[in-house]
Amino acid sequence: QVQLVESGGGLVQAGGSLRLSCAASGRTFSMYAMAWFRQAPGKEREFVTYISWSGNTYYADSVKGRFIISRDNAKNMIYLQMNSLRPEDTAVYYCALRWGTGSTIQKEYHYWGQGTQVTVSS
């Protein structure tokens, strides 16, 4: 089993920055991809970004140029640096893990964290 725990959410003004972290523990070993998804109030959960084991990244158009995903394989951690935040970025942010390559499809991820709330005020 794998456990994922997110942290770093909070309240920030529009234009500000936040850094989310996700710690993976348990049955973790190499060759897994990790991703961030988010769910805004009243909306379905959507893909934000993923990073492969080798460091390849992919972003949703809505966050491209503002968000940066990174990982520390030695620590089994991923991070999401969120800059130039907008009110529409308000959501619960979830990290997810899947064995193999990255994917934008939620159902292809095997493990999920509990989520961390990000609120951006205007």
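The values are calculated or read from the model by the stated rules, or taken from the named source; none is laboratory data. Note that the coordinates shown come from a computational prediction; the quantities given were computed from them, not determined experimentally. Counting neighbours? That spans all protein chains shown, and the Cβs are built from the backbone with ideal geometry, glycine included. SASA here: full protein model, heavy atoms, side chains in, ligands and nucleic acids out. Shrake-Rupley method; radii C 1.70, N 1.55, O 1.52, S 1.80 Å.
If I go through the range 79-92 residue by residue, how many of them are open to solvent by 20 Å² or more (accessible area, probe 1.4 Å) and more than 16 Å from TRP112 (Cα to Cα)?
So the answer is 7.
Taking ARG98 as the residue in question, decide whether it is touching a residue at least 40 places away in the same chain (Cβ under 8 Å) and over 23 Å from GLN13 (Cβ atoms).
Taking the combined requirement at face value, the residue satisfies it.
Of all residues being open to solvent by 50 Å² or more (accessible area, probe 1.4 Å) and under 15 Å from ALA24 (Cα atoms) in the range 93-111, which is modelled with the lowest pLDDT? Just the residue, please.
Checking each candidate, the answer is TRP99.
Can you tell me which condition LYS43 does not meet? The list is (1) open to solvent by 30 Å² or more (accessible area, probe 1.4 Å); (2) outside any loop (DSSP other than H, G, I, E, B), and all the others hold.
Exception for LYS43: condition (2).
Please identify the pairs in which a residue from the range 8-25 that is modelled with pLDDT of 95 or more has its Cβ atom under 6 Å from the Cβ atom of a residue that is part of a loop (DSSP other than H, G, I, E, B) and hydroxyl-bearing (Ser, Thr, Tyr), counting only partners at least 6 apart or on another chain.
Hits for this filter: ALA14/SER122.
Which residue out of ASN56, ASN76 is of a type outside the set (Gly, Ala, Ser) and either surrounded by fewer than 16 Cβ atoms within 10 Å (Cβ to Cβ) or in contact with a helix residue (DSSP H, G or I) (Cβ under 6 Å, 6 or more places away or on another chain) (or both)?
The unique qualifying residue is ASN56.
For (1) within 10 Å of the chain's Cα centre (by Cα); (2) of a type in the set (A, V, I, L, M), each residue gets a yes or a no:
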position: GLY42; (1), (2): no, no
position: ILE51; (1), (2): yes, yes
position: TYR59; (1), (2): no, no
position: ARG66; (1), (2): no, no
position: ASP72; (1), (2): no, no
position: ALA91; (1), (2): no, yes
position: CYS95; (1), (2): yes, no
position: THR101; (1), (2): no, no
position: THR104; (1), (2): no, no
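Starting from residues that are of a type outside the set (Lys, Arg) and open to solvent by 70 Å² or more (accessible area, probe 1.4 Å), keep the ones in the range 13-38 and report whichever is farthest from ALA74 (Cα to Cα).
Once the filter is applied, the top-ranked residue is GLN13.
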